[in-house]
Amino acid sequence: MQVRVKKQNKDGVVRLETSGQIKEVIINEDFMNPKQESISVCFRGVSSSGIIDFKPEEIEHLYNSVRNRIHLIKGIKKFKFEKE
């Protein structure tokens, strides 16, 4: 997995790029407040880690976008490179 983030601060735009493997997917249920449910994707790289939180609606939108285009991918090969 590769993550690219762009953030505005007082000095200008800061860009961060990192990569890692997805370690865990957590579904956070809240029985008292069902509108606050979320899905957390936890990842860890060599020198970075993080958690990306999605709302259920965002996951549905992502799934529908990928589902309609998955036929465009003919074959997927996973390459793992060591960073020097």
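Observations on the model:
- Filtering the range 1-15 to residues that are exposed (fewer than 11 other Cβ atoms within 10 Å of the Cβ) and of a type in the set (A, V, I, L, M, F, W, C) leaves Val5, Val13, Val14.
- Top-ranked residue of the range 37-53 - restricted to ones that are among the hydrophobic types (A, V, I, L, M, F, W, C) and at pLDDT 90 or above, ranked as farthest from Val5 (Cα to Cα): Ile39
- When residues of the range 22-36 are limited to those that are surrounded by 10 or more Cβ atoms within 10 Å (Cβ to Cβ) and of a type in the set (S, T, N, Q), the one farthest from the chain's Cα centre (by Cα): Gln36
- Condition check for Ser65: of a type outside the set (A, V, I, L, M, F, W, C), at pLDDT below 90 and assigned to a loop (DSSP other than H, G, I, E, B): no
- When the range 47-57 is filtered for residues that are exposed (fewer than 10 other Cβ atoms within 10 Å of the Cβ) and not in a loop (DSSP other than H, G, I, E, B), only Glu57 remains.
The values are calculated or read from the model by the stated rules, or taken from the named source; none is laboratory data. If you're wondering where the values come from, they're calculated on a predicted model, not measured in any experiment. Every residue, glycine as well, gets a Cβ built from its backbone with ideal geometry; the counts of neighbours run over all protein chains shown.
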